[in-house]
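*Asks:* Let me begin by handing over the structure; questions about it come next.
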Amino acid sequence: MKKDDEFWFEDGNLIIVAQDVEFCVYKGPLVKNSPVFRDMLTLPQPAEAGELVHRPVVPVPEHPTSFRHFLREFMAGSGFQSPGDEPAFEVVCAVIRLGHKYEVDRMVEKGLGYLKKQWPDDYLGWSLQSNLASARSWASTLFAERCISVVNIARLTDTPSLLRPALFECCTIDPHVLLKGYQCEDGVRERLSAEDLTRVLLARTELVKLDALTALRILRNPSSECYDHDNCTQACQDAISELTESPLPSRVFSADPKRPSWYECVARTQYPSFCDACLTDIGRMENEERFEMWNMLPSILDIPEPEF
Ligand SMILES: [Zn+2]
């Protein structure tokens with residue numbers, strides 16, 4: 001057993017033991033704000049024969065790191081303050097999970113607020129986030145598996161608004177990585193439930209199909225505004241054969257919304273050139289298709305339609 005460096009108050013009146021770390025803290029705030037601790041600590045303490053028990057000792061099953069995040073937020077309301085002022089993902093998750101377990105609602109709400117900002121359930125917010133993915137440290141491609149934790153937290157706390165963006169992001173993860181799960185800092189490996197995993201794998205197939213259909217729809221015919229009809233008819237045909245017949249197409253069909261857009265693909269020089277009117281139309285149609293896809297996600301993912 002070792003005393004925690006940060007949470008060991010000599011005049012504390014409660015010892016909490018998380019694995020091999022002891023925290024000596026104050027009972028009052030925990031009893032006041034956590035119904036679970038209140039129940040635990042108002043039970044009669046087993047008194048040693050002839051000895052007055054000054055400090056009840058409560059074992060908790062959490063990893064010391066997670067429990068420290070919880071205490072930091074609980075005692076000082078500062079668990080989320082970390083370098084750069086952006087709360088670390090792991091801290092937010094620990095605070096939500098422990099806040100939920102010990103029924104400290106304000107902590108759960110605060111933590112969920114951060115997740116909802118990063119995984120917004122509205123088209124505009126989601127588009128911004130997915131376009132700025134490289135600037136979003138939490139969900140950069142390096143850490144895409146974090147959305148597994150977000151799905152599990154959405155389930156744990158019954159927060160349906162996180163489901164669409166987080167499950168959708170799960171569809172972009174390599175299935176091998178998805179099966180392996182996300183390794184959290186406390187050593188726990190987070191995996192999707194069997195139901196959510198099935199949901200994601202089925203949706204992934206559906207999204208690849210939608211992507212292919214989108215390409216066929218937007219590259220089928222020149223725009224009605226086209227000013228070089230013969231050229232653009234040929235360009236449409238060539239673009240479709242390149243995608244469907246080339247052994248190495250310039251862009252494969254994919255479930256990942258961060259893939260290059262069809263507009264970007266056809267605007268590239270190796271493609272036969274479309275006239276400007278057609279290019280504009282391709283961009284417009286693709287945006288419409290993307291919006292449509294976002295609206296279809298609840299049905300594709302088999303989750304409840306959002307209520308606004
Ligand atoms: Zn044209």
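The values are calculated or read from the model by the stated rules, or taken from the named source; none is laboratory data. Because the structure is predicted, anything quoted here is derived from the model rather than measured. Cβ coordinates were reconstructed from backbone atoms using ideal geometry, including for glycine residues, and neighbour counts include every protein chain displayed.
*Asks:* Using the structure shown, decide if Val208 is at pLDDT 90 or above, touching a Pro at 6+ places or on another chain (Cβ under 9 Å) and away from the ligand (no atom under 16 Å from the Cβ).
*Replies:* When the stated conditions are applied, Val208 does not pass them.
*Asks:* Taking the criterion of being crowded, with 17+ Cβ neighbours inside 10 Å and not in a loop (DSSP other than H, G, I, E, B), would at least one residue in the range 243-255 satisfy it?
*Replies:* Looking through the range 243-255, at least one residue is crowded, with 17+ Cβ neighbours inside 10 Å and not in a loop (DSSP other than H, G, I, E, B).
*Asks:* For residues in the range 225-246 being in contact (Cβ under 8 Å) with a residue 12 or more places away in the chain and of a type in the set (Ser, Thr, Tyr), which is farthest from the ligand (Cβ to nearest atom)?
*Replies:* Of everything passing the filter in the range 225-246, Thr233 is farthest from the ligand (Cβ to nearest atom).
*Asks:* Tally the residues that are within 16 Å of the ligand (Cβ to nearest atom) and either surrounded by fewer than 14 Cβ atoms within 10 Å (Cβ to Cβ) or of a type outside the set (Asp, Glu) (or both), restricting the search to the range 269-308.
*Replies:* The qualifying residues number 14.
*Asks:* Residues that are in contact with a Ser or Thr (Cβ under 7 Å, 6 or more places away or on another chain), outside any helix (DSSP H, G or I), more than 14 Å from Ser161 (Cβ to Cβ) and modelled with pLDDT of 90 or more: does the range 103-119 have at least one?
*Replies:* yes
*Asks:* Would you check if Asp158 is in a loop (DSSP other than H, G, I, E, B) and either in contact with a helix residue (DSSP H, G or I) (Cβ under 8 Å, 6 or more places away or on another chain) or buried (at least 19 other Cβ atoms within 10 Å of the Cβ) (or both)?
*Replies:* no
*Asks:* Could you list, in sequence order, the residues of the range 211-224 that are more than 21 Å from Ser250 (Cα to Cα) and within 8 Å of the ligand (Cβ to nearest atom)?
*Replies:* Ser223, the sole residue that qualifies.
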